[in-house]
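Nothing in this text is a laboratory measurement; each read-out follows from the coordinates by a stated rule. In this text, all values refer to a predicted model and were calculated from it rather than measured experimentally. Note that each Cβ is placed from the backbone with ideal geometry, even for glycine, and that neighbours are counted across all protein chains shown.
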Amino acid sequence: YEKAGYVLVGLSDNAKGDLLGKQTLTKGVQDQYVYLKHAVKTITPNTPASEVPKDPDGNPIVDPSDLHKEFHRTIFYKANTPDGATLMGQTDQKTEFNGTIAYDVVTGKTTTPETVKDVNGKDVQVATLKDGTITWDKQNDEFSAINQPTIELKKGDKYATSDDMIGTWFLVDGEAGEVDLTPASKNPDDKTLVYKQKAQYNIHYIDVNGVEDTTAYVPTDGKELTNHLVQNVGEGKDIYVGDTPDATSKLWSPANYEKAGYVLVGLSDNAKGDLLGKQTLTKGVQDQYVYLKHAVKDITPNTPAHDVPKDPDGKRAIDPSDLHKEFTRTITFVANNDAKSPLKDRIPQKVEFDGHIYVDMVTGQTTTPETVKDANGKTTQVATTKAGNIEWNHDTQTMDEVVQKYITLNKGDKYATSDDMVGTWHWISGVANEITLKPTSDNPEDLELVYEKNKGESGPDLHHDLPKLDYGQSGPELNYDLPKLDYGQSGPELNYDLPKLEIHHVTVHYVDEDGNVIKDPVKDPADFKNGESYDENSKKDSTIEHDGKTYEFTRVKEGDVPAGTIQGKDVDVTYVYKLKETPVTPPSENTYNVTVNFVDEHGNVLQDPRHSSDHKNGTDYNESDHPTTITKDGKTYTYIRVEDDKPTGTINGRDVVITYVYKEVETPTEPTNPSTPSEPTTPTEPTNPTQPSTPSEPSTPTTPSEPDTPSTPDETPDESATPSKPAKKTNFDNDVAPSHESYTNKAKFENVNAKKKSTSTNAALAEDTIAAHKTPKYRRSVVPQSDRILPQTGEKKTSESAIVGLAALALSGIISLAIDRKRKN
């Protein structure tokens, strides 16, 4: 029965012990009963399938393999690289569930067994009528979470297959969390954890001031400005290799470093374009470098002191007032008396020097600037380590020599304050030599020229109401209401509001086509006199950067002349620019324009400019083709030179502007044949003058009659009668004083036409004065036009007969005066 699957669980009482089947028969003997239950067997995962009972269809009631549950999970560690390189060995997770199930050995069905006592009192499991269920060795299990935030690879490690793999890798993607499992669970998925390396870089600002003759700067060329270092770009939590963090907000902005006195002259290659502060992180990413030089400020006498940069100690290297030097000297003319009475107006002399000097806007020290290209290719001036020197508008200037050998005072003159002052004074001491001054010179001393009156002169004491004439070397000096002339060193100097030497300036303006200013005006430092030439073509910029926009030159404002002559007023030259349209091109490759202008010497456009575009950097251009002549508005212009850029060359990262300059061709006029001059006539021989008769004793002296034209004398009269030819003078005053005798006698003459004729004489003097002031060296000696005009007639000194006539007239006057005095005596 056990083989049949039964378990003996009980016997009737009459069968217990050894009575079963051996009961003694008795009357009414009872049957014996054997009680059986179904034995059970357990199916495990290891139970051979052949031992498992089959259902009526012949299939095993339970598949032993279903009683074994196995779960796996694998964790992979990969780099975020194109090949997904492995960073460390995978992690395998595994768990198992094993189950059992009981079945009724008799029926072959699963059953839920129960434990009973068999006939022998031993616990034994037997089948029940309840279907069986699998009993598992555990109800649940779990896979623990994987926590691997970083992986460190060192050189020589199994997975450090290249230098790029060395370093710390950070988990950026994937998660392998905890998983709860039961026999009924599905197998969890494998997990891949992805890692990236972190990278970061710094941005350095390097002061390379003083590094010359290069544009390829390296970090060791200068000194780092550590206060502006931008550190650890890419340091953020979620920033890794391959990302492009934006650190532009941390940069030292152009507005701020320019305010601090710096000029951007270079960038490291990985910072050019728009990469500064926006570099994509790579393994071993390089730091970025910004190279700066010191800006300069041009200090002039007009620069406000507070605008001069200070050095680190708060001191200024230059005082603008030291850039203006003014030297004065006053020449006075005094008598050799105790009062040192003045004899004529003093002569003030003055020269000025204006200088300028460059100052380093960072150090506050003077500097000799150099011209470089900034990071945008624009020409600019920057400081060097060489100290600066003041550049003066003149190396030297001269105070002219003043020579005044004689001063004649007539009664009524400004300085004839007493009769003792009337007369001719001659120079006895003091000199006012020409001196040459430099900006470093000391101010010269004022000078005093001392004069002594000619012996025997007490001034003209005349007893007749006659015009008082002084026939000195310069011609008649009349005591009428005439302009008083002072023949000083500068030529005839009138005691009136004479024309003053005017200084004019030239200013260059820069505007767009709407008249808006796009660059501060530039004033030519030179002082121009009337009639002097100027040329401002060199101040014409091809392009101008303003408010982030580029403007290019188009024309000169109508009516303005860039090069010409000062015409008695200040000059303004306005260059007009138009906004340059930036073509939309791929950011990877820029193109540039070539513009050819055709202008005259004054910058006026003669024909429309020639444009060509889409020139790539490094490509060649050739614009040497230009007309030899151009005709405009009926005028012909011929080519003379080329300005700005070269006609042929290679594009070098900027636009090219070529300007061909033409000169107007002057059409010569046909000269007329001169007529044959007529034969000059022989002048009439003058007759001998009549001898004046001896006048009777008059109450009032009579005026001597006009003598006839005298005949040519046998011999030359002495110097007292005939005015000598003036020697070359330093100024317009008489170098030879008249003698007392000639002065006294000539004063007796009455010139009936003197007042009328003096007008032309004094007009000539004024003309000479103005002309002298217009001449650059107007203090040099010239003979005024008035010296070449006869005092009475206004005729030119073209013959000796005029001189002889004057001598005869003087002789006649002497005789008349002598008779008059004799009668008085």
Out of Leu25, Ala85, Gly10 - ranked by how far each Cα lies towards the positive end of the dipole of the stretch 9-92, with unit charges on the beta-carbon of charged residues - the top one is Leu25
Calc'd 3J(HN,Hα), the stretch 162-171, phi into Karplus 6.51 cos²θ - 1.76 cosθ + 1.60 (θ = phi - 60°), Hz, glycine/Pro = x, comes to 8, 5, 5, 7, 6, x, 9, 10, 10, 5
How would you rank 42-48, 265-271, highest first, on the average number of other Cβ atoms within 10 Å across their residues? 265-271, 42-48
Taking θ as phi - 60°, what are the ³J(HN,Hα) couplings along the stretch 419-428 by the Karplus curve (6.51, -1.76, 1.60), each to the nearest whole Hz, with x for Gly and Pro? 4, 5, 8, 6, x, 9, 9, 10, 5, 10
Which of the peptides 376-386, 210-220 is most tightly packed, and how do the rest follow, going by the mean number of other Cβ atoms within 10 Å of each residue? 376-386, 210-220
Rounded to the nearest 0.05, what FRET efficiency is calculated for Asp313 and Asp570 with R0 set to 51 Å and r the Cβ-Cβ distance? 0.80
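Antiparallel as a % of all DSSP beta bridges within the stretch 182-299, to the nearest 5?
In the stretch 182-299, DSSP labels about 65 percent of beta bridges as antiparallel.
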The answer for Thr100, listing residues at least 5 apart or on another chain whose modeled amide H is closer than 5 Å to its amide H, is Thr135, Trp136
A correct Karplus calculation of ³J(HN,Hα) over the stretch 142-154, with 6.51 cos²θ - 1.76 cosθ + 1.60, θ = phi - 60°, whole Hz and x for Gly and Pro, returns 8, 9, 6, 6, 9, 10, 9, x, 9, 9, 9, 10, 10
Run the quick spin-label model on Thr244 and Lys154: label points 7 Å from Cα toward the beta carbon, then report their separation in nm to one decimal. 3.8
Would you grab the residues whose amide H sits under 5 Å from the one on Leu11? Only those 5+ places off in sequence or on another chain, please, with H modelled 1.01 Å from N. Tyr35
At Ala4 and Val561, where each label point lies 7 Å from the Cα along Cα→Cβ, what is the point-to-point distance in nanometres? 14.7
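Beyond a 30 Å Cα-Cα separation, which of these cross-linked pairs lie in this structure: Lys259/Lys539; Lys196/Lys259; Lys549/Lys632; Lys293/Lys557; Lys325/Lys378?
On the way: Lys259/Lys539 25 Å; Lys196/Lys259 42 Å; Lys549/Lys632 34 Å; Lys293/Lys557 36 Å; Lys325/Lys378 35 Å.
In this structure, Lys196/Lys259; Lys549/Lys632; Lys293/Lys557; Lys325/Lys378 lie more than 30 Å apart at Cα.
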What spacing in nm lies between the two simple spin-label points modelled at Ser418 and Lys16, each 7 Å away from Cα in the Cβ direction? 18.7
What is the set of long-range amide H partners of Val172 at a cut-off below 5 Å, with H atoms built 1.01 Å from backbone N? Val194, Tyr195, Lys196
Cβ-derived FRET efficiency at R0 45 Å, Val517 paired with Asp189, nearest 0.05: 0.05
Net charge of Cβ neighbours under 10 Å - reference Phe97; Lys, Arg +1; Asp, Glu -1: -2
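Quick check on my link table: of Lys37/Lys122; Lys414/Lys438; Lys16/Lys54; Lys414/Lys529; Lys373/Lys580, which ones sit more than 25 Å apart, alpha carbon to alpha carbon? Spell out each step's value before the answer.
Working: Lys37/Lys122 14 Å; Lys414/Lys438 37 Å; Lys16/Lys54 36 Å; Lys414/Lys529 33 Å; Lys373/Lys580 20 Å.
Correct reply: Lys414/Lys438; Lys16/Lys54; Lys414/Lys529.
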